[in-house]
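**Student:** Once you've had a glance at the structure underneath, I'll fire off some questions.
The values are calculated or read from the model by the stated rules, or taken from the named source; none is laboratory data. Please read these numbers as outputs of a predicted model, since none were measured by experiment. Cβ placement follows ideal geometry from the backbone for every residue including glycine, while neighbour counts extend to all protein chains displayed.
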Amino acid sequence: MRKSLLTFILLFVFLLAYSQTLTPRQLFPGLFEAVQLTSIFPDNKIFVDATPKRAPELIMNDYNEQKDKPDFNLKQFVSDNFFIPGTHNDVFKSDVSAGIRKHIDTLWQVLYRRHDTVSKYSSLLALPHDFIVPGGRFRETYYWDSYFTMLGLQESHKTKIMEDMIDNFAYLIDKYGFIPNGTRTYYLTRSQPPFFSLMLDLLAKDNGEKVLIKYQPELLKEYAFWMDGAGKLKAGQTHRMVVRMPGGELLNRYWDDSDKPREESYKQDVEAAKTTQQKTSDFYRNIRAAAESGWDFSTRWFDETGKLATIQTTSIIPVDLNCLLYHLELSIARSYLVAGNGSQYRIYLTKAQQRKKAIQKYSWSTDKGWFMDYNWKLNHITPHQTLAGMYALELQIADAKQAAIMAKALKIKFFKSGGLVTTFNRSGQQWDSPNAWAPLQYMAIDGLNKYKQNSLAKSIAEAWIRTNIRVFDETGKLMEKYNVLDTGAKAGGGEYPLQDGFGWTNGVLLNLLNHYQVDQL
């Protein structure tokens, strides 16, 4: 009897844990597709973020009984059975006259979320500590966003919430083996640009280098995630995120373990798949891999025609991803050095040096004077020059001569009146011209400073600050992205309306305001 009870308890715990990682599409088959494809909400993300009012199986029983009746109203059914999310900060109105610093300081409170508010059936993943969200439709923690948000939190002397967020990421690595794109069940098939080791650099400024020892287990687990299967690959072979290059070098790509439409953009993906000549599963995988990159979407991932239908993310070795993994390898090496383990320090230092050499070999273009992405299937550099190349300066892959060449190209080609444009292509995609994004401005500005290109860095920083302040003075808001060509127009493109809030914009802006001591220009 006691054994049977124990078995029942263990089975119950397993089923509960399993149900907490099921996605909305898995929980609500048929209902999910009906809602997403009929567009009863203007944004597919609304339904996947909705919270069921009762057990999913009860909702599905009622749906299957009622859906074929003549008077069935899908929108009313969803309203009756789900709590529909709105943006938490859409009621916040800033006092513009109080200034932009006051606005950012207030937004830390507006964007603050408690960790203990997760509903039993929500797609939201539970976290052990409180956190800051980006804002707008982004109601949960996002991986790479958080680093740039932390730049501002550190300037605001909010070390505690920074440490809480880092502890949340460590928890996610321990629980899932990696940091998901965002803290939703439908993001559990992919990660995002690996900034965890850079977050530790920020925390080390406040708490000392011993943080590398504290989080060494998580650094190693994240590295194992990105390098899964590397040891078995021969030249030209791939496994998930790893590619063995023609010369035997190991480099990485973006990848998603699912080859189905993204649940948060389901209708867009299904419609887009009708335009491609790719196998549908390959197309979805490429779409999802681009979402993992954070650059969703950009001609960076397309062929020379610049069309979404040609997306080929999994064929591309991204320069920024590999620069970040170089930093991760160095961070692991440093963690062993701080701990006094010389042999392991040398092993990971060698890995970093090998990656740096491979990035130089495959990504540096003498013709372009730029670090480029590399198409490993076609064995050549991709045709699109993008601001991602500046990661090679920020993470110090470039030599001094390359940095000088890139600074000149940056000034001539990328630097516009409002800041640095992301690419030169006007495709209608949000990670293309004329749009600019705070993370890329920061990586470029900080990277230039590391190579003593201080004057250009200052000019870019001041242009970006002007752009932020001008829009704030006009709207009382800080935006997710900005138009830096026509500074009187809003940024556009993408699968959703322009968002305000906005975590990474706030963080980068406050960092630059303090570094350059500029409040009004």
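**Student:** When both residues are 6+ apart or on different chains and their Cβ atoms are under 6 Å apart, which pairs have a first residue that lies in region 258-279 and is among the aliphatic types (A, V, I, L, M), and a second that is crowded, with 17+ Cβ neighbours inside 10 Å and modelled with pLDDT of 95 or more?
**Tutor:** Close Cβ pairs satisfying both conditions: VAL270/PRO261; ALA272/LEU308; ALA273/PHE283.
**Student:** Residues that are within 23 Å of PRO497 (Cβ to Cβ), at least 3 per element: which helices (runs of 4 or more DSSP H) completely within region 359-469 meet that?
**Tutor:** Numbers: elements: 391-394, 400-409, 438-450.
Answer list for region 359-469: 438-450.
**Student:** Filter region 253-286 for residues that are farther than 22 Å from PRO193 by Cα and touching an Asp or Glu at 6+ places or on another chain (Cβ under 6 Å); which is surrounded by the most Cβ atoms within 10 Å (Cβ to Cβ)?
**Tutor:** Looking at the filtered set, the residue picked out is GLN268.
**Student:** Quick check: is even one residue across region 181-191 under 22 Å from ARG253 (Cβ atoms), polar (S, T, N, Q) and in contact with a His (Cβ under 7 Å, 6 or more places away or on another chain)? Step through it out loud before you land on a result.
**Tutor:** Kept after step one, since they are under 22 Å from ARG253 (Cβ atoms), are these residues of region 181-191: 181-182, 186-191.
Now narrow it down to the ones that are polar (S, T, N, Q): 181, 189, 191.
If we keep only those that are in contact with a His (Cβ under 7 Å, 6 or more places away or on another chain) as well, we get none.
So far as region 181-191 goes, no, none of its residues is under 22 Å from ARG253 (Cβ atoms), polar (S, T, N, Q) and in contact with a His (Cβ under 7 Å, 6 or more places away or on another chain).
**Student:** Turning to a different aspect of this structure: Regarding region 312-335, can at least one residue be identified that is in a loop (DSSP other than H, G, I, E, B), touching a residue at least 60 places away in the same chain (Cβ under 8 Å) and outside the structural domain of GLY182 (by TED's automatic domain parsing)?
**Tutor:** So in region 312-335, the residues in a loop (DSSP other than H, G, I, E, B) come out as 312, 318.
Keeping just the survivors that are touching a residue at least 60 places away in the same chain (Cβ under 8 Å) gives 312, 318.
With the extra rule that they be outside the structural domain of GLY182 (by TED's automatic domain parsing), the set shrinks to 312, 318.
Yes, region 312-335 contains at least one residue that is in a loop (DSSP other than H, G, I, E, B), touching a residue at least 60 places away in the same chain (Cβ under 8 Å) and outside the structural domain of GLY182 (by TED's automatic domain parsing).
**Student:** Which residue is farthest from VAL96 (Cα to Cα), if the candidates are limited to region 476-513 and must be among the charged types (D, E, K, R) and in contact (Cβ under 8 Å) with a residue 40 or more places away in the chain? Spell out the reasoning first.
**Tutor:** Of region 476-513, the ones among the charged types (D, E, K, R) are 477, 480-481, 486, 490, 495, 500.
Next cut, in contact (Cβ under 8 Å) with a residue 40 or more places away in the chain only: 477, 480-481, 486, 495, 500.
Working: LYS477: 9, GLU480: 18, LYS481: 19, ASP486: 23, GLU495: 29, ASP500: 15 Å.
Result: GLU495.
**Student:** Give region 155-183 a look and list any residue that's among the charged types (D, E, K, R) and in contact with a strand residue (DSSP E or B) (Cβ under 8 Å, 6 or more places away or on another chain), or say none. Can you show your working first?
**Tutor:** Looking only at region 155-183, we keep the residues that are among the charged types (D, E, K, R), and these are 155, 158, 160, 163-164, 167, 174-175.
Matches in region 155-183: ASP164 only.
**Student:** Now for a different question. Of the conditions (1) of a type outside the set (A, V, I, L, M); (2) under 20 Å from the mean Cα position of the chain (by Cα); (3) under 26 Å from SER281 (Cα atoms), THR238 satisfies every one except a single condition; which number is it?
**Tutor:** Among (1) of a type outside the set (A, V, I, L, M); (2) under 20 Å from the mean Cα position of the chain (by Cα); (3) under 26 Å from SER281 (Cα atoms), THR238 violates only (2).
**Student:** Scan region 513-521 and give yes if some residue there is closer than 14 Å to GLY152 by Cβ, of a type outside the set (A, V, I, L, M, F, W, C) and either surrounded by fewer than 22 Cβ atoms within 10 Å (Cβ to Cβ) or under 23 Å from the mean Cα position of the chain (by Cα) (or both), otherwise no. Let's see the steps before the verdict.
**Tutor:** Of all residues in region 513-521, those closer than 14 Å to GLY152 by Cβ come to 513-515.
With of a type outside the set (A, V, I, L, M, F, W, C) added as a condition, the list becomes 514-515.
Cutting the leftovers down to either surrounded by fewer than 22 Cβ atoms within 10 Å (Cβ to Cβ) or under 23 Å from the mean Cα position of the chain (by Cα) (or both) gives us 514-515.
Yes, that holds for at least one residue.
**Student:** Could you tell me which residue of region 207-237 is surrounded by the fewest Cβ atoms within 10 Å (Cβ to Cβ), considering only residues that are in contact (Cβ under 8 Å) with a residue 40 or more places away in the chain and polar (S, T, N, Q)?
**Tutor:** ASN207
**Student:** Related question: Would you point out which residue out of THR7, THR21, THR51, THR38 is at pLDDT below 95, of a type in the set (Val, Ile, Thr) and under 30 Å from GLY501 (Cα atoms)? Steps first, please.
**Tutor:** Working: THR7 fails: under 30 Å from GLY501 (Cα atoms); THR51 fails: at pLDDT below 95; THR38 fails: at pLDDT below 95.
Checking each option against the conditions leaves just THR21.
**Student:** Which ranges mark the helices (runs of 4 or more DSSP H) fully within region 211-290 that have 2 or more residues being among the aliphatic types (A, V, I, L, M) and not assigned by TED's automatic domain parsing to the domain that holds GLU163? Talk me through it step by step, then tell me what you get.
**Tutor:** Working: elements: 211-214, 216-226, 266-273.
Filter on region 211-290 gives 266-273.
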